[in-house]
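Here is the structure we will look at.
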Amino acid sequence: MTIVEATPGSTLAESSTAVLETERLVLRAPRIEDMAWIAELADNRNVAEMTANIPHPYGMADAAAFVANLPSGAGTATFAIFLRTDGYNPLGPPIPVGMCGFVARNGEHPEIGYWLGEPYWGRGIATEAVRALIDHAFGDLRHEALLAAARVVNPASRHVIEKCGFQWTGAGLTRVRSIGASVPVDRFRLDRSLWVSLRAWGATAHPTRGRVPDRRH
C-alpha cells in the first residue's frame, strides 16, 4: 500500500484524509463531485440492505448529505474507492466503485464498514480496499484494535472480513435503515498484534510516497 500526502491547500488537505493506493485501487476522501456516482451505485436495494446506514431509495440529496456530513475526529476516516483500470477501460481514469472507512463510537475501538456497487462484486475489490484500510488504521493511526460486523445473510461480506484476519466474537443485532428493522449480525475483532503477524498478505510493504491521483467529473 502506498500513502500519498495531500498538497497543502487542496481539498484533500482540508479533509485531513490520506490518499491510499494499492495495486488496483485508489482510496481518497469523498468530494462534492462524487455525488452523482455515489447516488447511482448506492440506489440499489441489494446494496442498501447489506449496510446499516444507506437508505432506499437513494438520491442526489442523500449523496449530498453524506458528503457534507462525513464523520470526523480521532478514530474516524472515510474513503471513496476507485478501480485504477478495468477490462473495459484499461487506459482510462480510475473508476468509482464504492466506499469504505471506520468510525469510533462511544469510546469503543473503530468499526470498519464498506460497500461496493453491485457491478463490482466478486472481484476481490472489497478485500483489497479493507486491507488498505486496516494497514492505514494500524500502521499510520496506531489503533490497537478494529471491529467489524456482517449480516448473517451476507456470507460474501463475512468472507472479506475473515480473509482480512478478523476473528469472530459473537452475534448481535444491528438496525438497518433501508428496511427499518434490526437484523442479526456476526461481530468480529482484529487486534494490532494479530495484524502484525499477518503482514504477509498481498502488497502490504511499508507505505511509500506516490503521486496524488485526480479524477474530475
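Observations, loosely collected:
- Whichever residue in region 100-132 is among the acidic types (Asp, Glu) and either touching a residue at least 60 places away in the same chain (Cβ under 8 Å) or touching a helix residue (DSSP H, G or I) at 6+ places or on another chain (Cβ under 8 Å) (or both) and, among such residues, is surrounded by the most Cβ atoms within 10 Å (Cβ to Cβ): GLU128
- Residues within region 168-184 that are within 21 Å of the chain's Cα centre (by Cα) and within 23 Å of TYR58 (Cα to Cα), tallied: 5
- Number of residues in region 53-73 that are among the small types (Gly, Ala, Ser), touching a residue at least 12 places away in the same chain (Cβ under 8 Å) and not in a loop (DSSP other than H, G, I, E, B): the value is 2.
- Filter result for MET50 (loosely packed, with under 14 Cβ neighbours inside 10 Å and among the hydrophobic types (A, V, I, L, M, F, W, C)): no
- Checking ALA80, ALA64 one by one, the residue that is at pLDDT 95 or above, closer than 28 Å to ILE179 by Cβ and surrounded by fewer than 18 Cβ atoms within 10 Å (Cβ to Cβ) is ALA64 and no other.
- In the set (1) in contact with a helix residue (DSSP H, G or I) (Cβ under 9 Å, 6 or more places away or on another chain); (2) touching a residue at least 40 places away in the same chain (Cβ under 8 Å); (3) of a type outside the set (Lys, Arg); (4) crowded, with 18+ Cβ neighbours inside 10 Å, the condition left unmet by LEU147 is number (1).
- Residues that are over 16 Å from TRP195 (Cβ atoms) and assigned to a loop (DSSP other than H, G, I, E, B) were ranked within region 107-146; the one that is farthest from the chain's Cα centre (by Cα) is GLY107.
- Exactly one residue out of GLU33, GLU40 is assigned to a helix (DSSP H, G or I), in contact with a His (Cβ under 6 Å, 6 or more places away or on another chain) and charged (D, E, K, R), and it is GLU33.
- Taking the listed residues VAL97, VAL47, the one that is part of a helix (DSSP H, G or I), on the phi < 0 side of the Ramachandran plot, among the aliphatic types (A, V, I, L, M) and touching a residue at least 40 places away in the same chain (Cβ under 8 Å) is VAL47, with no other qualifying.
- Output for region 156-191, where each listed residue is in a loop (DSSP other than H, G, I, E, B) and either crowded, with 17+ Cβ neighbours inside 10 Å or in contact (Cβ under 8 Å) with a residue 24 or more places away in the chain (or both): CYS164, GLY165, PHE166, ARG177, SER178, ILE179
- Checked against the criterion of being at pLDDT below 95 and within 24 Å of PHE138 (Cβ to Cβ), the candidates PRO71, PRO110, PRO93 yield just one match: PRO71.
The values are calculated or read from the model by the stated rules, or taken from the named source; none is laboratory data. Note that the structure is a prediction, hence the values are computed from the model and not measured. Here the Cβ is made from the backbone with ideal geometry for all residues, glycine too, and neighbour counts use every protein chain on show.
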